[in-house]
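A short worksheet on the structure shown next.
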């Protein structure tokens with residue numbers, strides 16, 4: 001890159017980065033003009049105005065690149081297909097006016113408010129793409145919803161959760177429940193950790209530092225797209241030892257090679273938990289854990305929120321650089337001892 005001290009280490013790093021990106025000629029230090037990346041899958045300005053559904057398809061193909069949850073991917077497209085395409089899909093996008101959108105969404109705005117609100121937001125993004133491509137000048141979906149449809153009063157309903165006092169009963173039920181052994185072990189992991197279903201289903205053996213008793217969930221499996229570490233308590237260590245007998249030759253801890261993603265199905269844990277307590281979800285299980293933490297009156301807000309990998313205030317994130325792993329270690333062990341009565345899960349090795 002050059003010689004020190006004429007070229008500082010910082011400038012050398014920058015020069016190396018620009019060279020790799022093919023922006024800088026390292027021999028002449030001349031910047032190369034950036035390539036203009038076209039959008040060949042969209043019609044040019046002088047061609048026929050595209051239909052709404054055609055622009056929506058391009059919007060969806062780009063949006064899906066940033067989504068990882070299969071359910072959310074389907075919702076993004078299916079809501080347009082169900083509620084918008086029948087009336088507007090075949091219209092040139094520059095002919096769609098605000099009155100058309102209001103007529104489409106008014107019948108469902110109150111009876112399916114959340115779905116209607118999210119779908120209209122997606123429609124607004126489609127029109128914004130068309131605006132950037134100069135097919136339209138004004139986004140017809142940018143209007144005040146309350147004026148168009150009137151005020152809607154929403155009553156927040158939380159997901160059903162299990163009372164913290166019943167967590168030990170659930171543990172005993174899991175131990176005796178008639179279910180596949182890998183699913184039993186997964187249910188125990190979810191109860192002991194308060195982690196989301198995807199984080200547990202998708203865990204790989206390389207995510208586990210069993211000698212250090214640390215589990216790191218990779219960012220692509222996290223809701224907030226941020227890696228999350230948790231300490232492995234004694235009971236959890238036994239469970240992973242059990243799983244090594246069941247799936248130790250696979251990359252995934254809860255491997256199911258015949259399934260689409262190669263792991264246990266997404267709804268498997270929820271359906272089993274609901275056999276113990278109707279309508280409960282993994283979010284409700286996390287609420288049980290969070291309630292227990294708060295009732296101990298000895299854990300800080302930062303520790304409780306970090307334990308559940310909740311998004312913090314941006315200002316807090318700017319200064320909070322520690323994930324409190326060491327402080328959380330006794331916390332997670334205390335919760336596990338409360339749930340299990342201090343006992344260890346049965347070792348599969350002993351049953352061979």
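Okay, here's what the table says:
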item	result
Residues satisfying the stated conditions in the range 286-318, i.e. modelled with pLDDT under 85, surrounded by 11 or more Cβ atoms within 10 Å (Cβ to Cβ) and part of a helix (DSSP H, G or I)	316, 317
From the options 57, 63, 117, residue that is without any contact (Cβ under 8 Å) to a residue 12 or more places away in the chain, part of a helix (DSSP H, G or I), surrounded by 15 or more Cβ atoms within 10 Å (Cβ to Cβ) and under 30 Å from the mean Cα position of the chain (by Cα)	57
Lone qualifier among 102, 49, 108 - being assigned to a helix (DSSP H, G or I), at pLDDT 75 or above and touching a helix residue (DSSP H, G or I) at 6+ places or on another chain (Cβ under 7 Å)	102
Entirely in the range 176-284, the helices (runs of 4 or more DSSP H) that have 1 or more residues that are modelled with pLDDT of 95 or more	181-193, 234-247
Sole exception among (1) closer than 24 Å to residue 323 by Cα; (2) within 21 Å of the chain's Cα centre (by Cα); (3) in contact (Cβ under 8 Å) with a residue 40 or more places away in the chain for residue 233, by number	(2)
Test: residue 196 is under 26 Å from the mean Cα position of the chain (by Cα) and without any contact (Cβ under 8 Å) to a residue 12 or more places away in the chain	no
Tally of residues being free of Cβ contacts under 8 Å to residues at least 40 places away in the same chain and either over 15 Å from residue 124 (Cβ atoms) or surrounded by 10 or more Cβ atoms within 10 Å (Cβ to Cβ) (or both) across the range 139-149	5
Hey, residue 64 in the same structural domain as residue 125 (by TED's automatic domain parsing), at pLDDT below 90 and within 26 Å of residue 145 (Cβ to Cβ) or not	yes
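Conditions (1) surrounded by 15 or more Cβ atoms within 10 Å (Cβ to Cβ); (2) out of contact with any helix residue (DSSP H, G or I) (no Cβ under 8 Å at 6 or more places or on another chain), marked per residue:
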site	(1), (2)
167	yes, no
173	yes, no
181	no, no
196	yes, no
204	yes, yes
207	yes, yes
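The values are calculated or read from the model by the stated rules, or taken from the named source; none is laboratory data. The model shown is predicted, which means the values in this text are computed figures rather than measured ones. FYI the Cβ positions are ideal-geometry reconstructions off the backbone, even for glycines, and counts take in every protein chain you see.
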